[in-house]
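Enquirer: Here it is, the structure, as structure tokens.
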Amino acid sequence: PTGYMENSISYSAIEDVQLLSWENAPKYCLQLTIPGGTVLLQAANSYLRDQWFHSLQWKKKIYKYKKVLSNPSRWEVVLKEIRTLVDMALTSPLQDDSIHQAPLEIVSKLLSENNNLTTQDHESIIVAIAPLLENNHPPPDLCEFFCKHCRERPRSMVVIEVFTPVVQRILKHNMDFGKCPRLRLFTQEYILALNELNAGMEVVKKFIHSMHGPTGQCPHPRVLPNLVAVCLAAIYSCYEEFINSRDNSPSLKEIRNGCQQQCDRKPNLPLRLLHTSPDLVSQEATLTESRLKPVIVTSNEIHVEVERNNTANQKMTANVGNDSEPNLIDCLMVSPTCSTMSIELSAQADRILGCYVEILKMLSDYDDWRPALASLLQPIPFPKEALAHEKFTKELKYVIQRFAEDPRQEVHSCLLSVRAGKDGWFQLYSPGGVACDDDGELFASMVHILMGSCYKTKKFLLSLAENKLGPCMLLALRGNQTMVEILCLMLEYNIIDNNDTQLQIISTLESTDVGKRMYEQLCDRQRELKELQRKGGPTRLTLPSKSTDADLARLLSSGSFGNLENLSLAFTNVTSACAEYLIKLPSLKQLNLWSTQFGDAGLRLLSEHLTMLQVLNLCETPVTDAGLLALSSMKSLCSLNMNSTKLSADTYEDLKVLL
């Protein structure tokens, strides 16, 4: 160079890099040997000089390996160079992500440009780069290569010995599969490769257990979300060909509105009508020919067969003109008398589906994972083709059953829809839902667990009366105690307005011993309530400190309190369970719950029944925003004390507006 760094120096042009170490040499200098001379670089301190030195050495060697591996001639030489490259990356004193990623990218490019390698060459290269994968995610092209190896050689020892720690690291540390979907695909193919081993799902089960760990609590919070993401993607892929063919098919809204514009569309998937007898075939064809041409759905690997009858078409037509978003259950619902829906997958897709639904079952068996799993599955993140597939919904029923058996509210509350207007697992697996394949046993189990928590409200009972009264009465007729209790509560809370329906419910209750007994108890309570209101009683009442729910129940059942307007439970040990007795005080206007354990579940019940309440003291109670917002329906409330609660500023502002 004629001037000081007048022209840039390429890394490939550097022949040698040395530290100046002779006596009286300039301090902290590097000497670069290039064609035609040398260049001295002086750093501010020895640390920076050493950093420059190792970085230049690294760059120089990387360019060398890129050149050598870009034109491979003999693969034994290439393999030796790859091992040397890996050793260099592992022994480098530099601390940077690119130190390990650069060799992986070089190998990835080498593999993508040479498709004629033997299986032995593949495995040798994978074993050579294995040390770099212990602390680094493989780049996308390398993931593609690993996927191919899993598909072609699922029984190879490389899958177990090399890929296992790589996949474990991905599941423990990956934060977003959306940024690198090939990591998810590699994990998916790896699990399928495990399933191809002789022990099959037992190997997969051991792998899932190794990810969870031997303790009751998994120490890695990202494992479950990543496993669920892999399962959802794999299940989606089973129906992907059919889903992609939806481009020209009627939208959900058009399905809801009866597919009125179907004649304007190009033919896409043939839907073949299924019937139980030839007579039904001719009858159905005659009825529907003038109104709606059968839609036929075809696919290379998937065949969907749906039967529709006159009742189903009338239901769809009745909703024409409704601009609201179609309900998932309505879109999939068929006539109760003709509810056959059959989907046939290819053998490969069927194996994939079976494997990943089984993994979801395994995940639901871990107590610490079940709350998060229920939350992730609450929005029903499956395509409607999966929900229409009898095998899928039948296998997934185990997971829903586990949610329904869990006493924790954070788990079983996820059976309900994620928001108003959307369907949840409760609707899907209830009688009349597309996934219901029993006589209502799972439905009864779900209702039982929901009624045992904070869902013992008029709103929940009203939804059952409007949508599921028939199944409730049928199960009560068969002696199901939960359904008997449901029918009694509907009568007690005046949910049913129609006199004929009330008489039918009473007849149903009196047809069984348990129903007759509970109905008699209801009648006794109603008579006692009327007598209580007739006699009156005190207008003010204060319970002693440390009184419990049982003490309050015993007191209120001992006499008449129909005129009670002011009740103080301050500094007692009552909980939300006492709300069941408080709502039977029709004249109550002032309630003091200061320093009690009264929580959100109790507040929800009070807001449903104590419409005349004017003063409420919740100071030093464990209530939260969720419970306090329920008070917005109490329009008579004049004074509300929320000091020392978990009230947030936003909820406070909302309550100021609503009350």
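Enquirer: Within the range 498-505, can one find any residue that is touching an Asp or Glu at 6+ places or on another chain (Cβ under 9 Å) and of a type outside the set (A, V, I, L, M)? Don't jump to the end; show me each part of the working.
Expert: Filtering the range 498-505 for residues touching an Asp or Glu at 6+ places or on another chain (Cβ under 9 Å) gives none.
No, there is no match, as no residue in the range 498-505 is touching an Asp or Glu at 6+ places or on another chain (Cβ under 9 Å) and of a type outside the set (A, V, I, L, M).
Enquirer: Further, regarding this structure: Show the residue pairs that are 6+ apart or on different chains and have beta-carbon atoms under 7 Å apart, the first residue being within the range 154-175 and charged (D, E, K, R), the second being modelled with pLDDT of 90 or more.
Expert: Arg155/Glu196; Arg155/Leu197; Lys172/His220; Lys172/Arg222; Lys172/Val223
Enquirer: Filter the range 219-247 down to residues that are touching a residue at least 40 places away in the same chain (Cβ under 8 Å), within 18 Å of the chain's Cα centre (by Cα) and open to solvent by 20 Å² or more (accessible area, probe 1.4 Å), then give me how many there are.
Expert: The qualifying residues number 8.
Enquirer: Within the range 12-25, restricting attention to residues that are open to solvent by 60 Å² or more (accessible area, probe 1.4 Å) and part of a loop (DSSP other than H, G, I, E, B), which residue is farthest from Ser46 (Cα to Cα)?
Expert: Within the range 12-25, the match that is farthest from Ser46 (Cα to Cα) is Glu15.
Enquirer: Okay, next question. Given the criteria assigned to a loop (DSSP other than H, G, I, E, B) and of a type in the set (Lys, Arg), does Lys205 qualify?
Expert: no
Enquirer: Scan the range 539-579 residue by residue and report those that are within 29 Å of Asn494 (Cβ to Cβ), touching a Leu at 6+ places or on another chain (Cβ under 9 Å) and open to solvent by 80 Å² or more (accessible area, probe 1.4 Å).
Expert: Residue satisfying the conditions is Arg540 alone.
Enquirer: For the range 473-494, name all the residues that are part of a loop (DSSP other than H, G, I, E, B) and buried (at least 21 other Cβ atoms within 10 Å of the Cβ).
Expert: Once the filter is applied, which keeps residues that are part of a loop (DSSP other than H, G, I, E, B) and buried (at least 21 other Cβ atoms within 10 Å of the Cβ), the range 473-494 yields only Asn480.
Enquirer: Against the definition (over 23 Å from Cys180 (Cβ atoms), crowded, with 16+ Cβ neighbours inside 10 Å and over 46 Å from the mean Cα position of the chain (by Cα)), how does Leu56 come out, yes or no?
Expert: Judged against the criteria, Leu56 is a match.
Enquirer: So which of Asp406, Asp423, Asp437 is more than 20 Å from the chain's Cα centre (by Cα) and charged (D, E, K, R)?
Expert: Matching residue, one of Asp406, Asp423, Asp437: Asp437.
Enquirer: Across the range 59-101, what is the total count of residues that are in a helix (DSSP H, G or I), within 17 Å of Pro131 (Cβ to Cβ) and hydrophobic (A, V, I, L, M, F, W, C)?
Expert: Qualifying residue count, the range 59-101: 8.
Enquirer: Counting only residues that are more than 13 Å from Lys394 (Cβ to Cβ) and aromatic (Phe, Trp, Tyr), which one in the range 426-445 is surrounded by the most Cβ atoms within 10 Å (Cβ to Cβ)?
Expert: Phe443
Enquirer: Count, please, the residues in the range 169-200 that happen to be in a helix (DSSP H, G or I) and surrounded by fewer than 17 Cβ atoms within 10 Å (Cβ to Cβ).
Expert: The number of residues fulfilling the criteria is 4.
Enquirer: For the range 135-152, enumerate the residues that are over 17 Å from Thr119 (Cβ atoms) and open to solvent by 20 Å² or more (accessible area, probe 1.4 Å).
Expert: Residues satisfying the conditions are Asn135, His137, Pro140, Asp141.
Enquirer: Before we move on, is Gly452 outside the structural domain of Gln590 (by the TED database), surrounded by fewer than 17 Cβ atoms within 10 Å (Cβ to Cβ) and touching a Ser or Thr at 6+ places or on another chain (Cβ under 6 Å)?
Expert: Values: outside the structural domain of Gln590 (by the TED database): yes; surrounded by fewer than 17 Cβ atoms within 10 Å (Cβ to Cβ): yes; touching a Ser or Thr at 6+ places or on another chain (Cβ under 6 Å): no.
The answer is no for Gly452.
Enquirer: Could I ask something else about it? Consider the range 623-638. How many of its residues are open to solvent by 50 Å² or more (accessible area, probe 1.4 Å) and either farther than 20 Å from Pro586 by Cβ or in a helix (DSSP H, G or I) (or both)?
Expert: Total satisfying the criteria: 3.
The values are calculated or read from the model by the stated rules, or taken from the named source; none is laboratory data. Bear in mind the structure is a predicted one, so any value in this text is a computation, not a measurement. No Cβ is skipped: glycine too gets one built from the backbone with ideal geometry, and neighbour counts run over all protein chains shown. What goes into the accessible areas is simple: the full protein's heavy atoms, side chains included, and nothing from ligands, DNA or RNA. Shrake-Rupley method; radii C 1.70, N 1.55, O 1.52, S 1.80 Å.
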